[in-house]
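Okay, so here's the structure we're looking at.
The values are calculated or read from the model by the stated rules, or taken from the named source; none is laboratory data. Just so you know, these numbers come straight off a predicted model, no measurement behind them. Each accessible area value is taken on the protein alone, full model and side chains, heavy atoms only, with ligands, DNA and RNA left out. Shrake-Rupley method; radii C 1.70, N 1.55, O 1.52, S 1.80 Å.
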Amino acid sequence: MKSGFFDRLLTSAVKRRNLIEKIFLVLTVCCLLCYPFVGVNYDLSTYLPQSAPTKQALDVMEREFGYPGIARIMLKDVSLYQAKAIREKISNVDGVDVVAGPDTLSDVYMGNNFVQNDWTDEFYKDGNAVMEIIFKDGDADKSTRAALDEIYDIVGRDNACFSGSAVSSQSREQSIKREITIAMAIAMVIIFAILTLTTTSWFEPVLFVTVMAVAIIMNMGSNIIFGTISFFTFSTSAILQLAVSMDYSIFLQHTFTRYRETGMDREAAMVYALREACKSVLASGATTIVGFIVLVWMEFTIGKDVGFVLTKGILCSLAAVLFFMPAMILKYDERIEKTQHKPFLPPFDKFAHLMHKLRWPVLIICLLIAVPCYFGQGLNHFYYGDEALGAGPGTRYYEDTQQINEVFGKSNVVLGIVPTGSNPREKEMTQELNDLPFVNYAISLADALPQGVPESFLPSDLVEKLHTKDYARVIVSMATDQESTYAFDCSDKLTNVVRKYYPDDSYVIGMTPTTIDIRDILSKDYNRVSMLSLIGVIIIVLLTFKSILVPVFVIIPIEIAIYLNMTIPYLIGDSMVYIGYIIVSCLQLGATIDYAILMTNNYLDERKEHSSQDAAMRAISRSALSILTSGSILTVVGYLLYFTSSIQAISQVGRLVGRGAMLSMILVLSLLPALLSAFDKQIMRGQNRHAIHVAKRKKRLDTAQESEHGSGFRFELPHKSVSEHDILENLRAKRKKRKGQPDEQAVATLTEEKKEEHSDETPVGKL
């Protein structure tokens, strides 16, 4: 094969490594400076498509009344008069729009008189007063955050309980920034320990972590091109990028070491290592990218947010490994050699025999559970909206919410937007809403006005909060959760009442209507992205193996692992976040399909010289270290998110990722070899046909080259990496010589023999 542009590029990257190192250093510093300016969006409703009813309603709401955030506060051990005074102070806070409290309707009807009635009973019980606050701007807006901080100062954090979507959003932001830092720090330590166990140099783990840190900083800082990213992306992208792309650097380092063991000088070994590793690393990156990029086609555009950021992360990792890492390896090669240590892990021959013995039980079990798990994953109880994003048990927000609900019951605030022009119709609608059994209260200006009193009689600032020139706002509190089947039914009934009086140009806005829209959209998104992800991976595997049958066996273990992973929550009675369900399904396929490709490559390579049974055991032995290293890192990272995050959605995604990686490892090491050996005749028949086709094509190309250029010398890169067996034999020979008096001529002869032996080998390997 003639050295072409690709080989010249790799050679240039090695020779100009000092320049490349400086470029990456500059990029890292620039991205580190940009990172603080990347905004984080905590509002799921902004990712709804324009066609969604909630999106259209929000546009009207924002234009007429602003985009409201909502909070609920319970004051402890206060009198009615104290509650009235505090409510008035909160009403005057910048950013606060409406405050509903014990004295709200008394003030409307009777000026400053304050009397106890049915309304105050709804907001005042046993010395506790509750207030519903509607802000002028959204839950995550800076003005809302500033208003909340001022309200905390007025009320005191120790004398009150705080709940509602605005409080949840603020708590979520504080928790995520703290928890993601803790998770990354712990992940680095554990990954360093895993790499120490699976490498043979104390310095190699430092090198791997450094390269990945550069890639992560480049990705996170370059997110400034998007302006803002979702909190979901912010909290998961860095740690998932670390987990799914660590393989690339490990594979390059190991390939470089193999060529150095043959006696090559450092630069030549690196060029050869890049030439071999590049194909495998790019193919591995391609499968992962497919798993992420398909999320861009989600109609709920948080998928686009996650897909673009994680895809960019993989590209940053590939660039760092293929260009920055060679410079670092060559720079610290001597230090790597000086810190060599004996392998901590024994050979995996016994493990391979065990997996081989278990092949039939595993195959039977998988056949029995595959179909039930396929249907079982759809039986889960799913969360779709903000309810799953709140802080979990043990957090201040969760405990405060429980205390408020115990005293005053649940309050799920929704807003009705209806055309103005007929106060009697608005009043009648409000009264019918109040008669609904699940409604705590419904407030509208028309209902609050005494009969015969014009709007002009009331203060203009009060009128503007509930009426504009074209629209009226009705505040309704439902005694439901934000997200449940019951809440969805109640929201539909409430919407029907509003549409009964205002069939056209009326809207119902709140967390529950928003969640209904998210549910309807995500249900369609799953089928789309899962199919696209599967098709994309199949295409890549087809291109890798040039076979129609092999991709089927490669994908089967991963798909069964995905089905089982998603069915387990149903079996244990747990609920799932639907966004996580979609994203992890694609991630698990894209990130763990590499394990199956590696196993299959090694099986086909061993099959050239061994029977199907021996080839299966040898393939397990050769693949186990790489699969267990990669899978262990992904498992650890996933469960770290699960144990460190107080945000239910992030925690659940972490558990799905960790459990999915573990299941994929188990099935690839057990089920896949069983499938390959069981269908060996069909697989090898296809491989032989392909080999004949390749040989004929190569012969035609060689003939064409000789006729064009003559029979002169042509520089060739090696077709295959040095096998692990040869490396171990070489090392044993060297150790024996060190124990006695080394025979320099014998060592030189051994090295020359290895060089000649490797020049005739053929390609293998994929991770």
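Quick one: give the max-minus-min coordinate of the C-alpha atoms of segment 310-377 along each principal axis, largest first, in Å.
Projected onto the principal axes, the Cα atoms of segment 310-377 cover 53, 37, 13 Å.
Hey, if we sort Phe37, Phe348, Phe232 by accessible area with the 1.4 Å probe, largest down, what's the order?
Phe37, Phe348, Phe232
Between the alpha-carbon centers of segment 181-197 and segment 219-248, tell me the distance in whole angstrom.
Here the two parts' Cα centres lie 17 Å apart.
So how do Arg16, Arg266, Arg275, Arg172 rank on accessible area, 1.4 Å probe, biggest first, that is with the largest at the start?
Solvent-accessible surface, decreasing: Arg16, Arg266, Arg275, Arg172.
In µm²/s, what is D for segment 160-315 at 25 °C and 0.890 mPa s, where D = kT/(6 pi eta Rh) by Stokes-Einstein and Rh is the Kirkwood radius from Cα pairs?
Details: Rh = 17.7 Å.
Stokes-Einstein gives a translational diffusion coefficient of 138 µm²/s.
Which value, in Å² rounded to 10, gives the accessible area of Trp297 with a 1.4 Å probe and all protein chains present?
Rounded to the nearest 10, that gives 140 Å².
Using a probe radius of 1.4 Å on heavy atoms only, what accessible surface per residue do you get for segment 1-88? Whole Å² is fine.
Numbers: 4740 Å² over 88 residues.
Averaged over the residues of segment 1-88, the accessible area is 54 Å².
Just to be sure I understand: if I project the alpha-carbon convex hull of segment 226-289 onto a plane and average over all orientations, what area do I get in nm²?
Mean projected area for segment 226-289: 5.6 nm², to one decimal.
How large is the Kirkwood hydrodynamic radius of segment 395-536, counting all unique pairs of alpha carbons, in Å?
Computed over Cα pairs of segment 395-536, the Kirkwood hydrodynamic radius comes out at 17.1 Å.
So if I take the alpha carbon set of segment 139-216, get Rg, then get Rh from the Kirkwood formula, what is the Rg over Rh ratio?
1.29
From zero outward in steps of 10 Å, how is the percent of C-alpha pairs of segment 232-345 spread across the bins?
All Cα pairs, binned at 10 Å, distribute as 13, 38, 27, 15, 6, 1 percent.
Using a 1.4 angstrom probe on heavy atoms only, work out the carbon and sulfur share of the accessible area of segment 274-392 in %.
Carbon and sulfur atoms account for 69 percent of the accessible area of segment 274-392.
Sorted from largest to smallest, which semi-axis lengths in Å does the alpha carbon gyration tensor of segment 587-680 give for its equivalent ellipsoid, taking the root of 5 times each eigenvalue?
Here the semi-axes work out to 32, 10, 8 Å.
Could you pull the accessible area for Asp489 with a 1.4 Å probe, rounded to 10 Å²?
About 80 Å², ignoring ligands and nucleic acids.
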